[in-house]
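Rule-based calculations on the coordinates, nothing more; no lab input. Small disclaimer: the values here were computed from a predicted structure and weren't measured. Cβ sites come from the backbone with ideal geometry, for glycine too, and all protein chains shown count toward neighbours.
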């Protein structure tokens with residue numbers, strides 16, 4: 001093989017190697033890109049090696065393709081028709097594969113957009129519940145202090161606190177149901193989301209309500225019509241929250257006071 005042919009062959013190999021390294025680097029940068037582009041990477045590498053093989057065959061077959069020989073237009077015409085037929089079929093297949101790949105990517109993007117919309121809804125509802133908790137008022141007390149300092153007294157309008165608690169409990173129940181039904185990218189994101197929701201209930205509702213409102217449940221059942229729904233709902237969410245956070249090693253074993261709430265009969 002002549003020196004110039006060897007140089008050309010090495011040049012083609014180096015260029016193809018650079019292309020392969022570039023594609024490989026792009027696919028290894030992060031897990032998502034690597035997963036989504038594995039088919040495209042395989043396709044690019046196949047095309048590169050296809051052309052390397054063709055060039056190597058052309059340069060190696062000195063009998064028919066030696067630059068020192070007289071050019072036979074008939075043989076080159078037949079060779080061109082042969083290569084053209086192969087390339088035409090090859091690129092038609094490549095176009096079909098790329099079409100399928102594009103459709104798949106669009107489907108994945110649509111799925112990701114839906115997941116992002118669900119996460120945004122969960123975050124918005126989370127913020128709305130937190131705002132409702134902070135806006136609850138009892139006399140001069142507001143937010144958690146309203147629950148901690150709640151006292152039932154005759155002729156004192158206290159329904160606003162209980163009504164607010166009722167709305168908060170139902171919002172928590174709906175948020176938890178939606179968060180469980182949402183399809184996440186992986187189980188770790190789901191675990192973090194549910195832990196965040198349950199811990200909000202644990203810190204902002206479970207403990208404040210247990211110190212005042214729950215201790216007066218007998219009076220409330222006789223004086224407030226919705227208490228027969230509020231108390232079982234609170235007990236249900238308390239049990240669910242303690243069990244979940246306990247399974248995640250976030251909280252310790254509940255005290256007897258909380259265990260009594262968890263054992264309250266549900267509707």
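Worth pointing out:
- Ranked packing of 161-173, 128-140, 237-249, most packed first, by mean Cβ within 10 Å: 161-173, 237-249, 128-140
- Added length on full extension, which subtracts the Cα-Cα distance from 0.36 nm per residue, residue 131 to residue 145: 3.6 nm
- Gain in span if fully extended, residue 219 to residue 123, counting 0.36 nm per residue against the direct Cα distance: 31.0 nm
- Computed E for residue 203/residue 109 - FRET, C-beta separation, R0 35 angstrom, nearest 0.05: 0.40
- Residue 249 versus residue 167: modelled label distance in nm, points set 7 Å from Cα along the beta carbon direction: 4.0 nm
- Using alpha carbons only: equivalent-ellipsoid semi-axes of the stretch 114-262, gyration tensor based, whole Å: 28, 17, 12
- Residues residue 183 and residue 256, FRET efficiency given R0 of 25 Å [Cβ-Cβ distance, rounded to 0.05]: 0.05
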